[in-house]
1. Please compute the alpha carbon radius of gyration of the range 1-56, then divide it by the globular-protein estimate 2.2 N^0.38 Å. Two decimals is fine.
2. In vacuum, with every alpha carbon of the range 226-418 counted as one equal point scatterer, what does the Debye formula give for log10 I(q)/I(0) at q = 0.11, 0.16, 0.19 Å⁻¹? Two decimals, please.
3. So how compact is the range 2-140: Cα radius of gyration and Dmax in angstrom?
4. To the nearest 10 degrees, how steeply does helix 461-471 sit against the main Cα axis of the chain, on a 0 to 90 scale?
5. Could I have the simple spin-label model distance between residue 51 and residue 9, label points 7 Å from Cα toward Cβ, reported in nm to one decimal?
6. Among DSSP bridges having both ends in the range 226-418, what percentage is antiparallel? Round to the nearest 5.
7. Measure nothing but the geometry: give the 0 to 90° angle between the long axis through the Cα atoms of 528-537 and the longest principal axis through the Cα atoms of the chain, rounded to 10°.
8. Based on DSSP, what percent of beta bridges with both residues in the chain are antiparallel, to the nearest 5?
Ligand SMILES: [Zn+2]
Ligand SMILES: [Zn+2]
């Protein structure tokens, strides 16, 4: 097997190698983990003279094992778990090795369909194993952290189906092959848009160009007139510091519908509408909507408000109707009360075009995956609104579904519902972040904003900075006084505190002095990066602080002494003079950064700042780092300019022979021998940590 991984087939044909791999990684793994024996014929069927693999009988063997497990001794179960775990691990490693080799341009012995089937089986069995432990399974994403991709056919299929490249990239970087395959099976988008100009990072079709914006009617053939609330009444409610809402009679028809403005009173139920502007329910020119839409929205609100609705009136709040477009003072006032608007609503109803065309009559994982794929989740303030909502409800074509309903089977169901439904679990990541959101400190909550990839590019950016400020209780007037193009920077200044992991997030970052630590767009817009950072740091009570020169925070790192061979290769080794240990540094696979411009050879006083303490770097652990150049040392603070991300590992002692090979230039890695070794000193800060127990020393990353 080692030979296959290394690409040495020794005279065997690709087909023979593929058959061996399939026998072992697919059928062998099922036998192992499901602890059963079967004739391969049970997993095959013939059609038109060709043999296909089918998993029709898979559940039979899986359920039989689940039944046996009920009466199994703990020790036996434990053995089963351990052995199976290592088999799955070994299978994953083998597949990763093949993926790595094909990324290097070697043809994989596996056909794409077989590759996919093996990944899907690995994922399924890995989640099956998770039923044994309370720990969660972490499966391989389609794109792993070093950028190596598998199952290209899934991405190709989704693009062919008409999905946006940024959406495909989001899925590829956040879910495994089984979940992405499931998403592919759900079919093409129901609302077709032109994604011709979109990139992996951002969707141009979601951008709002106000001059071209068209408010949609309920049916494309309709051309009814528009109706809006009395702007004077909205203004007087807002001026009095209240929250305006719209009251509609449940029996009103298309002809006699009227929108009555009332002020939200304590204990009075209303529904706040959360929608995506690109879905056509916005209106950039007046606070009004077509009559046909008002009737549809009224009926949807009525359907969820049936209980708790007083005097038969349907009350709702919607930005299109309740946030005045002019004057700016009134608009700002409406935004100031936005947080209250969502927090006090009885429910928040999500109207999203894709979801509104999909049925709710389907499995839980299908509904969750559709929500996960919806553009609503890609909005900037979704997390804030979602967190504030007392009840969050999604509108499907045939009715509403609340988040609680979606989550209940996983929460109250069997251990297999809770741990082994890998697709539902992956698609529900957003819910778990949402649920955990309210308990988080402000810097951790703010971190979710980095996940909204396109927000700084929209024409409504001014409004968005204001909304964020309002939802985070930041000084709104200070934002309003700032010119529109500087509002994002002002927002960061006002937010002031950030998770220390922020500069280590992948993706494009700001280019202004003092702000290079701040991402503009993440590589994986809704991937694990932010989620993992928040999990790792949510309990910490120390943060990075905004300063005009950059983000000031405590980190450990290495300062590189002397000059650097130029241009350096993308992997280099150095010895730390402080602890006499060797480390390996390699460039992180970030798009858009060129090593020739960002590597240590290009920097005046290069240093590496680590995300973890230096002592974390033992054995196989690797840690993200950023390469910086130190431009000032003042009062114990190192001022550093961000250059690029790197991955740092400790050199294993038994790897020393490899290191000698490297010195001799045998491995194609930088031959340091001829260029002088790179000397480094550790910058760890005081061993006696300060009273807060904060490790590291102060760096200002700008
Ligand atoms: Zn797009
Ligand atoms: Zn109409």
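Any read-out appearing in this document is the output of simple, stated calculations on the displayed coordinates, not a laboratory observation. Owing to the predicted nature of the structure, the values given are computational and were not obtained by experimental measurement. Here the Cβ is made from the backbone with ideal geometry for all residues, glycine too, and neighbour counts use every protein chain on show.
1. Dividing the Cα radius of gyration by 2.2 N^0.38 Å gives 1.33.
2. -0.49, -1.03, -1.42
3. When restricted to Cα atoms, the range 2-140 yields Rg and Dmax of 16.1, 49 Å.
4. Approximately 90 degrees, to the nearest 10.
5. With each label point 7 Å from Cα toward Cβ, the separation is 1.9 nm.
6. Of all bridge pairs located within the range 226-418, approximately 55 percent are antiparallel.
7. Helix 528-537 and the main axis of the chain meet at about 90 degrees.
8. Looking only at bridges with both residues in the chain, the antiparallel portion is about 80 percent.
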